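Here's the structure, in structure tokens; my notes come after.
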């Protein structure tokens, strides 16, 4: 695609947000009109004073040096004969990051990064292509140029991490309508070719960020001179307030996920540092009600602390508009045990808060696009939400940022080094390259389960949506990544340079076990892709390599315990046998266990769960632990673990008052909004409802439901690409009634075995 398809880039000659406007005439009868727009980093677009869409935070975040998204709007209905006005507002985003009111820094154990964030441009920029088609068959096209007028924006500072400063005195009332007096406005500047954004322009195709819920703020009390408000829900959102006071009065609003012991907002990330977000409003007129709504960034949290510079300041209608790219729901789950619904909501709200054109790790601390949940959480999210285009965007970001041979970075001494061709960075897009391994922690740039999202995430997309195109589009990326991993094998045939079972509550990371299991998973998945695409030679090579990895894995990790039972040892412990839930579950799930030893390993896995009486896996192992427990008939154990009031447990977060999922299994976790441990939702759909795809796109499904003892009613619906699948379970008079509604064209099998527990019988309706 022509990188200049939108014509010129223009600017307001500023690193801070700016207005842009243009008046034009329509003299003929209009048939249709469209506007293709890109403002970097974020933009809002209007016609004749009216915002053209319900989008927030356009365009999607990308590596702007390689890919830039633009948005095309149908603006036909907003135009009229005579004079019309185009209006654009442009803010910073990740394109030109502003660090004001953001004090977070990495903790002391992480060395200073020699590859910090670098701005993608010298100033904020805008490009517009406007197409008018008339009923007489003619058309008119114009682009942004010097005829556009620009002006300083009342949002004087915008920080991608959630802070904005708004000066109401700078507000230009009616600026995007005809007849506005443009005295004091300047002529736009065309950006010189050498300073233009470098990335290829592509049309935005993933769901736009939109408002999904309005959360009015409820006043709680005052503490330390601050008014404390509660939104009732931890969100990623656009703050809106109506205020008045004396001109120049200042309102400062501090969002946070939690309150401290004194009842004030707590912006401390546990064991890390202060985030320090602040939204500032400056009163523009004496005692006139004015309104402000965030424009170019979003805040994160549930609580708001409001500071007023004088007693003359009044505030009303303080709200948070929760935003997300995951606004289309594909699945619903209901039951009569409130605990399960609370857990479901906990995860779903965390997912929504972390979907903003990329899949962030959390909305508060980093806002980085860490890749591991894009396959570990894919089934859970894809059951709940329409993830088709979102994941295609994630895959585009991975392909875009996949390293070439000559890509280099700086080490701690300032020397250049090349991480290696084919590497898929642990973040994509990656704005801050933490490419140097942290002592004792492994590399934060080249983590196998993270990069493997470029293979295993594709596997899940294909399984849920059944489109071979996604396999074809990402095949070479996966092939290159697997080749990269081969270069990282140590002399013992293992990978050990990642983070292992990250988030493990016992700190049993088991790097060799975990990373190498994912190497095997990547290889057999690539063989599957090669088979789908009919690349027979590739398939044979992938399978041969996978077999080699598996044989070495079993030779060195599969051992007998004191009773003679086979199990997998944690490689990190040389002096004694240490088993973990993850170490046993991964080879079972991926079919690495020799057939004659599978029963033993299954018993060893069950033993690790029963001994702990809780899930003791990190985010990497947890989905495999849950799914393996389900496969081995331990659904009752899963129920017990997840509803425990004490950590590690999902319900413990509910009992503690969280409204989104915490980062780690602990009270007051560093982040209160991480979806990385939300794997239990997959089990809600394929374990409780028992909806399992047997063929891609759910063309064929297995229905193998299970009704927890504490439930008497459960209803689950999933809107697959092949049609609706609905499962209803009702316990009455000691009998479980199963009701299914499956769309015509979907073939299915029903397995009733999980409903024939000791005290259960089944009656089909």
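The values are calculated or read from the model by the stated rules, or taken from the named source; none is laboratory data. Just so we're clear, the structure is a prediction, and the values are computed from it rather than from any experiment. Because the Cβ atoms are built from the backbone with ideal geometry, glycine has one as well, and the counts that use them run over all protein chains shown.
Computed quantities for the displayed model
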| read-out | value |
| --- | --- |
| Unmet criterion (only one of (1) closer than 17 Å to residue 379 by Cα; (2) not in a loop (DSSP other than H, G, I, E, B)) for residue 738 | (1) |
| Failed item in (1) surrounded by 21 or more Cβ atoms within 10 Å (Cβ to Cβ); (2) under 30 Å from residue 266 (Cβ atoms); (3) out of contact with any strand residue (DSSP E or B) (no Cβ under 8 Å at 6 or more places or on another chain), with residue 370 passing the rest | (3) |
| Test: residue in segment 236-246 that is closer than 30 Å to residue 120 by Cα and in contact with a helix residue (DSSP H, G or I) (Cβ under 9 Å, 6 or more places away or on another chain) | yes |
| Residue selected from segment 424-442 under the condition over 21 Å from the mean Cα position of the chain (by Cα) and part of a loop (DSSP other than H, G, I, E, B), by the criterion surrounded by the most Cβ atoms within 10 Å (Cβ to Cβ) | 435 |
| Segment 652-662: number of residues that are surrounded by 23 or more Cβ atoms within 10 Å (Cβ to Cβ) and either in contact with a strand residue (DSSP E or B) (Cβ under 6 Å, 6 or more places away or on another chain) or over 17 Å from residue 642 (Cβ atoms) (or both) | 1 |
| Flag if residue 662 is touching a residue at least 12 places away in the same chain (Cβ under 8 Å), under 21 Å from residue 374 (Cβ atoms) and in a loop (DSSP other than H, G, I, E, B) | yes |
| Top-ranked residue of segment 738-751 - restricted to ones that are within 17 Å of residue 687 (Cα to Cα) and out of contact with any helix residue (DSSP H, G or I) (no Cβ under 9 Å at 6 or more places or on another chain), ranked as surrounded by the most Cβ atoms within 10 Å (Cβ to Cβ) | 740 |
| Any hit, segment 156-168, residues being in contact with a helix residue (DSSP H, G or I) (Cβ under 8 Å, 6 or more places away or on another chain) and modelled with pLDDT of 95 or more | yes |
| Residue under evaluation residue 364, criteria (1) surrounded by fewer than 24 Cβ atoms within 10 Å (Cβ to Cβ); (2) at pLDDT below 95; (3) assigned by TED's automatic domain parsing to the domain that holds residue 455, criterion not met | (1) |
| Total residues in segment 204-218, condition crowded, with 16+ Cβ neighbours inside 10 Å and farther than 18 Å from residue 56 by Cβ | 1 |
| Some residue of segment 191-203 being surrounded by 14 or more Cβ atoms within 10 Å (Cβ to Cβ) and under 26 Å from residue 352 (Cβ atoms) | yes |
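Each row is one residue, and each column tells you yes or no for (1) assigned to a loop (DSSP other than H, G, I, E, B); (2) within 12 Å of residue 678 (Cβ to Cβ); (3) touching a helix residue (DSSP H, G or I) at 6+ places or on another chain (Cβ under 8 Å).
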position	(1), (2), (3)
319	no, no, no
333	no, no, yes
342	no, no, yes
346	no, yes, yes
351	no, yes, yes
366	yes, no, no
379	no, yes, yes
383	no, yes, yes
